[in-house]
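Okay, structure first, notes after.
The values are calculated or read from the model by the stated rules, or taken from the named source; none is laboratory data. It should be emphasised that the depicted structure is a prediction, and the values quoted were computed from it without experimental measurement. Please note: Cβ atoms are built from the backbone with ideal geometry, for glycine as well, and neighbour counts cover all protein chains shown. Remember, those area values only see protein heavy atoms, side chains included, never the ligands or the DNA or RNA. Shrake-Rupley method; radii C 1.70, N 1.55, O 1.52, S 1.80 Å.
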Amino acid sequence: MTRRSAVVLLIALAVGSGACAAKRSEIPPGTAEADQFLFTRGQEELKKNNWIRAREYFRQIVDNYPQSAYRPDSKLAVGDTYIGEDTTESLLLAVNEFREFLTFYPTNTRADYAQYRLAVAYSEQMLAPERDQTATRDVVKELQVFMDRYPNSSLMPDARKLMREAKDRLSEASYRVGYYYHRSRWYPGAIDRFREVLAADPEFTRRDAVYFYLAEALRLTDKKAEALPYYERLLNEFEVSEHLEEARKRVAELKTP
């Protein structure tokens, strides 16, 4: 089953369960503004992290009150409940909810929130550096869209933080390949991979290790003139690193006639 087919199936199941939920979340007779009642109850359950119960209320607004002023916020809230539930299936459904919001309400004042939460839904699916990084690349892609479209959003600090986390994950994955090559003494492969990391992500949080092992690989392949600048960059850019003492020794050795 393809990823898209899986999402379609999950959506169908979610719609079916939503119909059952609607029966359980009955509106008291005589309620004047039913959509407002449902939204308030949904928010109450959301604050308690009662994800399924909250979703029952918000889903009713989305499905049954197309003209309600609460419908856009309810659509977003449904996505939030799926993220809160934090299962493989619910995160796929969260992605779908936020994409639909951006399709139906592209100019809504909370479109930036939808785009950011779309990236968050992908970030919850990120795997360890040594595993598949498809979800991590999706995070970077969606956050770049956010930054391009909503440069003045109040969510920008959070977006930048998440972007750094995602890029660090990608860079760490690539760095570990280079480090493996280095440990295996295949220095040309290590050099190429470390240079790729620095070119793709010059702000990589752990670039001190990249500088050091790139310099080491160059030194060990008799490219000492090329190695020296990387040792020096390590010393200039980092006040704290496990490689500082070793780098100082290398610089002293390389500068000694």
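Side notes on the structure shown:
- Among the residues of the stretch 227-241, those identified as touching an Asp or Glu at 6+ places or on another chain (Cβ under 6 Å) and assigned to a loop (DSSP other than H, G, I, E, B) are F238, S241.
- Unique match (being small (G, A, S) and either open to solvent by 50 Å² or more (accessible area, probe 1.4 Å) or outside any helix (DSSP H, G or I) (or both)) among A190, A199, A159: A199
Residue by residue, here is whether (1) at pLDDT below 95; (2) farther than 25 Å from Y116 by Cα; (3) charged (D, E, K, R); (4) touching a Ser or Thr at 6+ places or on another chain (Cβ under 6 Å) holds:
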site: I11; (1), (2), (3), (4): yes, no, no, no
site: V15; (1), (2), (3), (4): yes, no, no, no
site: C20; (1), (2), (3), (4): yes, yes, no, no
site: G30; (1), (2), (3), (4): yes, yes, no, no
site: L46; (1), (2), (3), (4): no, no, no, no
site: R55; (1), (2), (3), (4): no, no, yes, yes
site: D63; (1), (2), (3), (4): no, no, yes, no
site: K75; (1), (2), (3), (4): no, no, yes, no
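- Annotation for the stretch 47-59: at least one member residue is surrounded by 21 or more Cβ atoms within 10 Å (Cβ to Cβ), basic (K, R) and more than 29 Å from V140 (Cα to Cα).
- Only one of the numbered conditions (1) out of contact with any Phe, Trp or Tyr (no Cβ under 7 Å at 6 or more places or on another chain); (2) in a helix (DSSP H, G or I); (3) of a type in the set (A, V, I, L, M); (4) touching a residue at least 40 places away in the same chain (Cβ under 8 Å) is not met by L143, and that is (4).
- In this structure, R219 does not qualify as of a type in the set (D, E, K, R) and open to solvent by 60 Å² or more (accessible area, probe 1.4 Å).
- Hey, R185 basic (K, R), in a helix (DSSP H, G or I), modelled with pLDDT of 95 or more and out of contact with any Lys or Arg (no Cβ under 6 Å at 6 or more places or on another chain) or not: no
- Residues located in the stretch 227-257, provided they are of a type in the set (S, T, Y) and either closer than 25 Å to P129 by Cα or open to solvent by 20 Å² or more (accessible area, probe 1.4 Å) (or both): Y230, S241, T256
Residues checked against (1) within 30 Å of Q115 (Cα to Cα); (2) in contact with a Cys (Cβ under 8 Å, 6 or more places away or on another chain); (3) among the aromatic types (F, W, Y); (4) at pLDDT below 95:
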position: Y180; (1), (2), (3), (4): no, no, yes, no
position: I191; (1), (2), (3), (4): no, no, no, no
position: R207; (1), (2), (3), (4): yes, no, no, no
position: F212; (1), (2), (3), (4): no, no, yes, no
position: K223; (1), (2), (3), (4): no, no, no, no
position: Y231; (1), (2), (3), (4): no, no, yes, no
position: L235; (1), (2), (3), (4): no, no, no, no
position: E245; (1), (2), (3), (4): no, no, no, no
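- Criterion violated by T81 - all others in (1) touching a residue at least 12 places away in the same chain (Cβ under 8 Å); (2) open to solvent by 20 Å² or more (accessible area, probe 1.4 Å); (3) not acidic (D, E) satisfied: (2)
- Test: residue in the stretch 211-222 that is assigned to a loop (DSSP other than H, G, I, E, B), within 30 Å of M163 (Cα to Cα) and within 32 Å of the chain's Cα centre (by Cα): no
- Hits in the stretch 57-104 - residues which are closer than 20 Å to E44 by Cβ and touching an Asp or Glu at 6+ places or on another chain (Cβ under 6 Å): I61, Y65, S68, Y70, V78, G79
- Among the residues of this structure, K224 does not count as one that is open to solvent by 50 Å² or more (accessible area, probe 1.4 Å) and in contact with an Asp or Glu (Cβ under 6 Å, 6 or more places away or on another chain).
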